[in-house]
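Heads up: the structure comes next, in structure tokens.
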Amino acid sequence: MPDFDKLCERMVNRQIVARGVHDPRVLQAMRDVRRHEFVDAARQPFAYEDRPLPIGLGQTISQPYIVAWMSELLRIKVGDSVLEIGTGCGYQTAVLAKLASHVYSIELIDALSQQAALNLTRAGATNVSLRVGDGFDGWPEHAPYQCIMTAAAPAEVPGNLTRQLDVGGRLVLPVGERGYQQMTRVTKREDGSLQTEQLGLVAFVPMLRGG
Ligand code: SAH
């Protein structure tokens, strides 16, 4: 059995701190959430490696650094409510749940959402609500959100997501066509206008349209 605590600590230092993520709350969350518990048994030995891993149905659990970087870019405060698009296996959801008051997470694929529910219960995350649906619609019933993020890339910033963003809120997402996209942060100013920052190239799975 690998020493997962040691692998996790090494992951945080070599992959995340070394690349410039320094928010202490984010680093603590990355230490606290046990990534190997979110992948199947055969992949557990690789769970702390510097890459995405398959989680079935053509989808992947994001690279640890990307999870940490996006969590930092969101500038989550203790009382914040977060909307996540693309629950996947629930790993990023668990990290967000350590940082926010509540996380609402939408996943297109039913089987992944069900697996994520099991993973999150096992991980002890209680401040999380999951739903199967199309993230392009957002989750209007619980809006506005202080933070929104997507784990899959739309070609353009979805209007429903900026509409459901609180004043002063941050939306962090990869934007672009298949292949490479721009990591983007959209901030809603006091007057309701949007400030957009492009932060570098990344490669995500596409955000798909629901049925
Ligand atoms: N953060 C996740 C990464 C999952 S990969 C993790 O840690 O496991 C991206 C996920 O987005 C996939 O599970 C995919 O099914 C989902 N997805 C793609 N398009 C979507 C959409 N329109 N609405 C909701 N989820 C979507």
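So what's the net charge close to Gln15: Lys and Arg +1, Asp and Glu -1, counting the other residues with Cβ under 13 Å from its Cβ?
+3
Per-residue counts of other Cβ atoms within 10 Å, averaged by peptide: what ranking do you get for 49-62, 165-178, highest first?
Most protected by this proxy first, the peptides run 165-178, 49-62.
In deg cm²/dmol and to the nearest 500, what is the mean residue ellipticity at 222 nm of the chain if only DSSP H runs of at least 4 residues count, each as -39500 (n - 2.57), divided by the residue total?
-7000 deg cm²/dmol
For Leu57, what is the net charge nearby, where nearby means another residue's Cβ is under 14 Å from its Cβ and Lys, Arg count +1, Asp, Glu -1? All intermediate terms of the calculation are to be shown ahead of the outcome.
Numbers: positive: none; negative: Asp40, Glu107, Asp110.
Net local charge, Leu57 excluded: -3.
Over the Cα atoms of segment 1-49, what radius of gyration and what Dmax do you get, in Å?
Over segment 1-49's Cα set, Rg and Dmax evaluate to 11.0, 32 Å.
Rounded to the nearest 10 Å², what accessible area does Arg75 have for a 1.4 Å probe in the complete protein model?
Its accessible surface works out to 120 Å², give or take rounding.
For segment 175-183, what does the Karplus curve 6.51 cos²θ - 1.76 cosθ + 1.60, with θ = phi - 60°, yield as ³J(HN,Hα) per residue in whole Hz, taken in order and with x for Gly and Pro?
10, x, 6, 4, x, 10, 9, 8, 5
Under 8 Å for C-alpha pairs, at least 6 residues apart: give me the relative contact order for segment 104-144, rounded to a whole percent.
Worked out over segment 104-144, it gives 58 percent.
Normalised by the number of residues in segment 63-202, what is the relative contact order in percent for Cα pairs under 8 Å and 6+ residues apart?
Once divided by the residue count of segment 63-202, the mean separation gives 20 percent.
Just the number please: accessible area per residue for the chain, 1.4 Å probe, all protein chains included, in Å².
Numbers: 9650 Å² over 211 residues.
Accessible surface, normalised per residue, equals 46 Å².
Between the alpha-carbon centers of segment 31-73 and segment 75-109, tell me the distance in whole angstrom.
15 Å
Over the chain, with a single point scatterer placed on each C-alpha, what log10 of the ratio I(q)/I(0) does the Debye formula yield at q = 0.16 1/Å?
Per q value, in the given order, log10 I(q)/I(0) is -1.04.
Give the percent of DSSP beta bridges with both residues in the chain that are antiparallel, rounded to the nearest 5.
Restricted to the chain, the bridges split so that about 45 percent are antiparallel.
In whole angstrom, note down how far apart the Cα centers of segment 135-156 and segment 1-28 are.
27 Å
Under 12 Å from the Cβ of Ala29, count the other residues' Cβ atoms, weight Lys and Arg +1, Asp and Glu -1, and hand me the total.
That sum, taken over residues with Cβ under 12 Å, equals +2.
If the cut-off is 14 Å between C-alpha atoms, which aspartates and glutamates fall inside it for Lys188, apart from same-chain ones fewer than 8 positions away?
Result set, ordered by chain and number: Asp166, Glu197.
Based on the Cβ-Cβ distance from Ser193 to Glu49, what FRET efficiency comes out when R0 is 45 Å, to the nearest 0.05?
My answer for the efficiency is 0.60.
The values are calculated or read from the model by the stated rules, or taken from the named source; none is laboratory data. Because the structure is a prediction, the values reported are computed rather than measured. Every residue, glycine as well, gets a Cβ built from its backbone with ideal geometry; the counts of neighbours run over all protein chains shown. With ligands, DNA and RNA removed, areas are computed over all heavy atoms of the protein, side chains included. Shrake-Rupley method; radii C 1.70, N 1.55, O 1.52, S 1.80 Å.
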